[in-house]
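Heads up: the structure comes next, in structure tokens.
Here, each number is a calculation from the coordinates, and none is a lab measurement. In this text the structure is predicted, and so the values were computed from the model without any measurement. Glycine also receives a Cβ, built like all others from the backbone with ideal geometry; neighbour counts cover every protein chain displayed.
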Amino acid sequence: EAGVTQFPSHSVIEKGQTVTLRCDPISGHDNLYWYRRVMGKEIKFLLHFVKESKQDESGMPNNRFLAERTGGTYSTLKVQPAELEDSGVYFCASSPLRLSGRLGTQYFGPGTRLLVL
Amino acid sequence: KQEVTQIPAALSVPEGENLVLNCSFTDSAIYNLQWFRQDPGKGLTSLLLIQSSQREQTSGRLNASLDKSSGRSTLYIAASQPGDSATYLCAVSRGGSQGNLIFGKGTKLSVKP
């Protein structure tokens, strides 16, 4: 079974440009999460999809960040326009939606390393 | 506001030693707690998940305990090996519709041969 995949693995852009990150969750996982780690800080939650719906986007830093999950499959996270403080590692994670409602293990992708110059 | 703290920030031990990594959280109303390892430049690998109703979980040489009332969890690694060298992260979930994880900064473990 393929794990969570993310593309690209690295991205270097200039301030003011646009970048789109993609996450493909494990097949069948309805929960999809985005997290970010800025240098020297802990990993922080950005948002949570259940299928194609945004369940919780309380961690999104500002309206320059736009996340979508088309058809409840893969997800994209667009940063437009990018600022210097957006540099960091962006992780995607997925987990199955259990009938019991219990939350299970979140499986993480390798991350996208974004550097804004 | 939930905060997760991991002590120590870094740890170096000789191969074969048993060791304990610590994680504390400020709000005991957690749904579950996960321990992850992260190798340099790689993603997070889930090691153990403990539901709030559980006291411990074991996987091979790893044992994680949870004391929800005191806001503490420990990860015990038996007979450490150089391959255990990595950063270990602790994360708690609030559960319900809020399934997001709240992470500590991690403990960087180095096991010397």
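Here are some notes:
- Rounded to the nearest 20 debye, the dipole magnitude of the stretch B:1-64 is 140 debye, with +1 charges on Lys and Arg beta carbons, -1 on Asp and Glu beta carbons, and the Cα centre as origin.
- Within 10 Å of each Cβ in B:28-38, the average number of Cβ atoms from other chains: 2
- About its Cα centre, the protein assembly as shown has a charge dipole of approximately 140 debye under the convention of +1 per Lys or Arg Cβ and -1 per Asp or Glu Cβ, with nothing else charged.
- Projected onto their three principal axes, the Cα atoms of chain B cover extents of 44, 28, 21 Å, largest first.
- Going by neighbour counts of Cβ atoms within 10 Å, the residues A:V50, A:V4, A:V12 line up, fewest first, as A:V12, A:V50, A:V4.
- Gap separating the Cα centres of the stretch A:56-117 and the stretch B:22-98, nearest whole Å: 22
- Pairs beyond 29 Å (Cα-Cα), from A:K41/B:K112; A:K78/B:K105; A:K51/B:K42; A:K78/B:K68: A:K78/B:K68
- Antiparallel bridge percentage (DSSP; both residues within chain B; nearest 5): 90
- Furthest towards positive pole of dipole, B:S110, B:A29, B:Y88, structure part chain B, Cβ charges: B:A29
- Signed unit charges on C-beta, dipole axis of the protein assembly as shown, positive-most listed residue A:G16, B:T58, B:G99: B:G99
- Contact order, relative form, for chain B: 37 percent (alpha carbon pairs under 8 Å, 6 or more residues apart, mean separation divided by residue count).
- Working note: Cα atoms of the protein assembly as shown, range along each principal axis, descending, whole Å: 49, 41, 37.
- Local electrostatic count, B:A78, Cβ distance below 13 Å [Lys/Arg +1, Asp/Glu -1]: -2
- Only Lys, Arg, Asp and Glu carry charge here, each on its Cβ (+1 for the first two, -1 for the last two); on that basis chain B has a dipole of about 200 debye about its Cα centre.
- Ranked by the mean number of other Cβ atoms within 10 Å of their residues, highest first, the peptides B:54-65, B:81-92 come out as B:81-92, B:54-65.
- The mean number of Cβ atoms from other chains found within 10 Å of a Cβ in peptide B:41-47 is 6, as a whole number.
- Averaged over the residues of A:41-53, the number of partner chain Cβ atoms lying within 10 Å of the residue Cβ comes to 3.
- Placing unit charges on the Cβ atoms of the charged side chains and taking the dipole of the stretch A:49-117 about its Cα centre, the candidate lying farthest along the positive direction among A:G72, A:G104, A:L114 is A:G104.
- Contact order relative to length of the stretch A:6-117, as percent, for alpha carbon pairs under 8 angstrom and 6 or more apart: 36
- The label point for A:L115 and the one for A:E83, both projected 7 Å from the Cα toward the Cβ, are 2.2 nm apart.
- Those aspartates and glutamates that a straight Cα-Cα span of less than 19 Å connects to A:K15, excepting residues fewer than 8 apart in one chain: A:E83, A:E85, A:D86
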